[in-house]
1. Take the cross-link list 126/193; 154/196; 149/193; 162/193; 154/174; 74/126 and give me the ones stretching past 19 Å between alpha-carbons.
2. What is the packing order of peptides 62-71, 39-48, taking the mean over residues of other C-beta atoms within 10 Å and listing the highest first?
3. State to the nearest 20 debye the size of the charge dipole of the range 22-172 about its Cα centre, where the only charges are +1 on K and R beta carbons and -1 on D and E beta carbons.
4. Tell me, what is the Rg over Rh of the range 38-103, with Rh the Kirkwood radius over Cα pairs?
5. Quick one: work out the % antiparallel among DSSP beta bridges in the chain, nearest 5.
6. Scanning the chain for chymotrypsin sites (Phe, Trp or Tyr not before Pro) in DSSP loops with at most 12 other Cβ atoms within 10 Å, what's the longest stretch left with none?
7. What whole-number value in cubic angstrom gives the convex hull volume per residue for the C-alpha atoms of the range 133-187?
8. For helix 167-178, report the angle its Cα long axis makes with the longest principal axis of the Cα atoms of the chain; keep it between 0 and 90° and round to the nearest 10°.
Amino acid sequence: MSWYERTELLLGKENFAKLTNARVLVCGLGGVGGAAAEQIVRTGIGNICIVDADVISETNINRQIIATHKNIGKIKTEEFRTRLLEINPDLNIDTRNTYLRDEILEQTLLEGWDFVIDAIDTLSPKLNLMRICYQNNIPFVSSMGSGGKTNPSKIRIDDISKSHNCGLARMLRKRLHRLGIYEGIQVVFSDEKTDKDAIIEEESLNKKSNTGTISYIPVIFGCMCAYAAIEFICNQDLPDSKASN
């Protein structure tokens, strides 16, 4: 028996081999990105790069799978490295504790990934990631806002042109339109109307508001992102040589 026996039984040996050889980049390790990273590793992705510059804070505990009272202040990428290698000791993992500013972001995205999961929660780098992936035909999925939502049945995957009832998606659509991009970007979003009482306007380093969240919604967003990655990879012909890069 092996830890991946049930996955291989469901997907088939050929698809599982594709997952083992695939290279996936996960940008952002918050409630969404952390869940997405864990689910693709549990599914059998053999090569993963995780990028985040944050440390674990007490406010992360309500929704981020890596966060506990014991590891507050620890670097997220290093905590996830330990966790993911405990799931799959043969995992080829690259951890980058850095902010994805413009130049770093572009260099990172153009390294030849089979799929990119965008779980960035700040507007400017998120927009740039979407633009670079779109313009360079890099397969990716982008998570929209999971804050202020409570109903899991409202979460879906669709083209960004069909997203609605999401403030983040609305801002991104406007900026993408200025770049001449109107569709062709796969996103995870919830069409549940956000409770305005769950949003506090405040000015901080990277955000202009603070939105209430609940434990399970970001995790489901992350699972949907993982599904998009797995589904895409299983339907592609990926060269075996990528596993050794």
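Every number here is computed from the coordinates shown, using simple stated rules; none is lab data. Note that this is a predicted model, so its numbers are computed, not measured. Positions of Cβ are backbone-derived with ideal geometry, glycine not excepted, and every protein chain shown enters the neighbour counts.
1. Exceeds cut-off: 126/193; 154/174; 74/126.
2. Ranked by mean Cβ neighbours within 10 Å, highest first: 39-48, 62-71.
3. Approximately 540 debye in magnitude.
4. With Rh from the inverse mean 1/r over Cα pairs, Rg/Rh is 0.98.
5. If I count the DSSP bridges inside the chain, around 30 percent turn out antiparallel.
6. 4-181
7. 75
8. For 167-178 against the chain, the angle is about 80 degrees.
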